[in-house]
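Encoded as structure tokens, the structure appears first; notes follow it.
The values are calculated or read from the model by the stated rules, or taken from the named source; none is laboratory data. Worth saying up front: this structure is predicted, and the values here are computed from it rather than measured. Backbone-built Cβ (ideal geometry, glycine too); neighbour counts: all protein chains shown. Quick note on the areas: whole protein, heavy atoms, side chains included, nothing else; ligands and nucleic acids left out. Shrake-Rupley method; radii C 1.70, N 1.55, O 1.52, S 1.80 Å.
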Amino acid sequence: MSRINKKVAFFIVFLILVIIAGLFVKTPVDTETQVNDELKVGDMYIQFEDGISDSEVQTILESYNLTMNYSIKYNIDHPADKYYIMLDKDNWDIRRELSQKMKEEKKDWITSSPAHVIRKGDDYVFTVSEQAVQDENFLEILDKYDIQVKKSTWCYIRFEDGSKNWIPEKDAIRIKSELEKNENIFSIYLDYRY
């Protein structure tokens with residue numbers, strides 16, 4: 001064998017050994033959500049179901065450990081996700097009819113993307129545009145299926161503790177996860193401090 005062929009053969013054997021070793025070596029996989037301890041959350045926006053009272057909001061929030069003092073503004077005028085409808089998971093007729101009518105009329109009555117549809121028990125919460133609430137065709141379809149348009153109750157929570165008006169992101173994510181299990185809460189948005 002020539003000198004070049006020996007080098008090529010040695011190199012190929014070396015690569016094969018590296019590949020075989022690579023198959024047997026376990027690489028660590030980080031399965032936990034990455035949390036940046038430097039990020040600070042100063043506020044939360046919480047979307048409650050229609051008709052929840054100020055005292056019910058207080059009771060719900062007091063049952064969770066919010067880690068520091070906070071103030072609440074109840075029923076704020078939040079521009080996003082103001083109106084919603086709840087549809088049973090098995091009610092495909094109304095979904096088909098709404099979808100077909102939206103395509104025909106080129107209207108965006110339902111503003112929830114599939115990724116942002118909220119599931120509560122056997123029901124799904126779909127965000128509805130303000131224009132839909134005033135559209136006769138949309139309301140006619142809802143009446144046909146005895147579905148009501150409801151208005152979310154939004155609450156604004158501001159963390160307060162002297163000069164430190166924020167909590168670490170890891171605490172905020174823990175609180176958010178716990179609150180989202182409550183049947184009266186649809187969604188929670190965190191507002192970061194930079």
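Residue pairs whose Cβ atoms lie under 7 Å apart, separated by 6 or more positions or on different chains, with the first residue in the stretch 144-168 and over 18 Å from TYR189 (Cβ atoms) and charged (D, E, K, R) and the second open to solvent by less than 70 Å² (accessible area, probe 1.4 Å) and in a loop (DSSP other than H, G, I, E, B), are ASP161/MET68. When the stretch 55-88 is examined, which residues are found to be farther than 18 Å from GLU180 by Cβ and open to solvent by 70 Å² or more (accessible area, probe 1.4 Å)? Hits for the stretch 55-88 are SER55, ASN69, LYS73, TYR74, ASN75, ASP77, PRO79. Scanning the stretch 174-191 for residues that are under 21 Å from ALA80 (Cβ atoms), open to solvent by 60 Å² or more (accessible area, probe 1.4 Å) and in contact (Cβ under 8 Å) with a residue 60 or more places away in the chain turns up just one, TYR189.
Applying the criterion of being surrounded by 14 or more Cβ atoms within 10 Å (Cβ to Cβ) and not in a strand (DSSP E or B) to the residues of the stretch 100-111, the residue that is modelled with the lowest pLDDT is THR111. The combined condition, being closer than 30 Å to LEU66 by Cα and open to solvent by less than 50 Å² (accessible area, probe 1.4 Å), is fulfilled by ASN165. Of the residues examined, THR153 is not one that is open to solvent by less than 60 Å² (accessible area, probe 1.4 Å), in contact with a Ser or Thr (Cβ under 6 Å, 6 or more places away or on another chain) and of a type in the set (Val, Ile, Thr). On inspection, TYR156 qualifies as under 30 Å from THR67 (Cα atoms), among the hydroxyl-bearing types (Ser, Thr, Tyr) and in contact with a strand residue (DSSP E or B) (Cβ under 8 Å, 6 or more places away or on another chain).
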